[in-house]
Every structure is written in C-alpha cells, then in structure tokens.
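Student: This is the structure, below, for whatever I ask next.
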Amino acid sequence: MRTESKQVMPWRIEDIDLTKIDRQAAVANEDLLLLLCASSFIESGTDLYTSNLSTYFNDDPEVSAWLNNEWEPEEMQHGRALKTYIAYVWPEFEWDAAFASFFEEYSKTCSVEDFEKTRALEMVARCVVETGTATLYRAINECSNDPVLKQITDNIRTDEVRHYKHFFKFFKKYNKIEGNGRLAVLGALMRRVMEMKNEDSEIALRHVFKFRYPERVNDAAYNRDRSARISALVRRNLSAEMAVKMLLKPLNLPAKIQPSLHYPLTKITQHVFFR
C-alpha cells in the first residue's frame, strides 16, 4: 500500500509564465515540437513503470516510498509540463487521443519480466535510463532559444540527475548484499544502453506522427526520414561526456582505467542513445 506523500515539489509548471513563449518561433521548429510530444508521452506513462518497480521492490519500504511519493509525481509532472507547453504552442494537436493511442501499445512493452534478474542490476539499468533522459533534456535545452522551454527542460534535467543519484544509492545498497562484480554490472549497463535504440521513443514518435500527419500514416519513408531528422537535432546538441561520466559511476573503476573506456563509451553513447 502506498504511503501518503508530503513531498513539496521542487518546481511546478503552474508557476511558469507561458505567456513569455514566442509561439511563432516555437511553431517554426516543428521537429523539436515532435520530440517534445514524444517525450511527454513517455513521461506521462511513468505511473505504469512505477507500479512495476514497486512490485519488484515491494518488501523494501525505503525504495517503494521514494518511488511512489517522489519519483512518480516528479516524472508525471514532467509529462504534464511538456503537455502544457505543447497545448500552448500547438493547441490543435490532439494530445489526449494521441497519448491514448501510444499508451495502448507502450503498456504492452512494460513488464516486471523484462527487469534485470537482481535488484542491484535493475538499479544499474535505471541509472542508465536516468542518464539518457538527463542527457536528452540537456540537449533539448541547448537546441532551443525559447526561455520558457529552457526553464522547463532545465528543471526536468535537474530532477533526472537527482533521480539518478537515488537509483545509484539504491544500487550500492543492494550490491553490498549481492556482491555483483564489475563484469556483471557492465553487462547490465550495456544491455540497457543497447535497448535505448530506442523502443520507447520509436513508439512515441510513431503515434505523434499518426496524429500530426494522418495523411502520412502509411508513408514509412516519410516517417523514417522525419525520425532521422529529429535524432540528428538531438545528436548535434548531445553531451556524450556527461552521459559517459554517469554511466561509468556504477563500475567504480580505478581512476587510471577510466580514460581507456571513456572514448569507446563516448562513441557508443553518441551512436546508441539518440540515433
């Protein structure tokens, strides 16, 4: 059973002045808006993932309380904030219908059976996901000139980095019990990195395109090219160095070894995270 949350949110979308948005300039960057729509879908589906994680960690009150009372409300606010921004800039976009279409497919991809086999290694997987999202929102922040979107994405990125720190703390807690070596940790890390090719984003973008361009719904070449443009937009602003530092942390490598892994991991990050 969930405990009642008394958390004070670090920020609220209701406190951000949307009237400062230059709607004409925002609409001109349609690829970025498509990406924001996709991100808003994934963030808004967090309650399903929280439920699965809570089931996996159901006998750990510390982890369950944090997931339910802090992580889920903050992640859901990310989705609400992006939805609010999109509604202001693109009032004609049928967000609710598009999200329902997305969630019908997305919900079938989320199950406890897909988690890592041990709790410590699942926390490593979660660290990878938070690394990816923090990196994504930093990239979005870099490629936008809109002060409102910059404020929103900086708030989200800050939340994601804080979430990473919690998952990393829980990883250390469980790894003291499980004693996973670096090879096992690296395996979990790489499995999750390779999954970020990125099934969630592909599903989300497909449903964004379906409702934004209904006349192109069967035009695979158009949708593929549009997805490639969006990936390129992110990649140009991607901070692979920040992502690699976060990815290396669970391995607890000696300082002299880290430089030898930095270059290959940077290349993998650039290729895989947002291809």
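Student: Hey, how many Å between the Cα centroid of region 147-225 and the Cα centroid of region 59-110?
Tutor: Answer, in whole Å: 13.
Student: Can I ask one more? Picking from L121, P147, Y106, whose Cα lies most toward the positive end of the charge dipole for region 98-172 (charges on Cβ: Lys, Arg +1; Asp, Glu -1)?
Tutor: Comparing the listed Cα positions along the dipole, L121 ranks first.
Student: Let me ask another. Hey, got the dipole for the chain? About the Cα centre, +1 on K and R Cβ, -1 on D and E Cβ, debye to the nearest 20?
Tutor: 1280
Student: Moving to a separate point now. At 222 nm, what value in deg cm²/dmol follows for the chain if DSSP H runs of at least 4 each add -39500 (n - 2.57) and the sum is divided by all its residues, to the nearest 500?
Tutor: Mean residue ellipticity at 222 nm (helix-derived): -23000 deg cm²/dmol.
Student: Here's another thing I want to ask about it. Would you mind ranking S40, S231 by Cβ crowding within 10 Å, fewest neighbours first?
Tutor: Going from least to most buried by this count: S231, S40.
Student: As a quick test, which of the pairs K169/K245; K165/K249; K169/K249; K83/K169; K20/K83; K150/K210 have an alpha carbon distance above 19 angstrom in this structure?
Tutor: In this structure, K83/K169; K150/K210 lie more than 19 Å apart at Cα.
Student: Counting other beta carbons within 10 Å of each Cβ, put T131, T19, T84 in order, fewest first.
Tutor: T19, T84, T131
Student: While we're on this one: In nm, give the distance between the simple-model label positions of D17 and M190, each being 7 Å from the Cα along the Cα-to-Cβ direction.
Tutor: Here the modelled spin labels are 5.2 nm apart.
Student: So, one more: Run the numbers for K108 and N58: contour at 0.36 nm per residue of separation, minus the present Cα-Cα distance, in nm.
Tutor: Here the segment from K108 to N58 would lengthen by 15.8 nm.
Student: Something else now. With the Cα gyration tensor of the chain giving a ≥ b ≥ c as the square roots of its eigenvalues, does the rule (a/c under 1.5 for rounded; else a/b larger than b/c for prolate; else oblate) give rounded, prolate or oblate?
Tutor: Prolate shape, in that a/c is at least 1.5 and a/b is the bigger ratio.
Student: For region 1-104, give the magnitude of the charge dipole about the Cα centre (Cβ charges: +1 Lys/Arg, -1 Asp/Glu; no others), in debye to the nearest 20.
Tutor: 240
Student: Only counting other Cβ atoms within 10 Å, I'd like F103, F171 sorted with the fewest neighbours first.
Tutor: Going from sparsest to densest Cβ surroundings: F103, F171.
Read-outs throughout are calculated quantities, based only on the coordinates presented, and are distinct from any laboratory measurement. Just so it is clear, the structure is predicted and the values come from calculations on it, not from any experiment. Ideal geometry is used to build each Cβ from the backbone, glycine not excepted, and the neighbour counts take in all protein chains shown.
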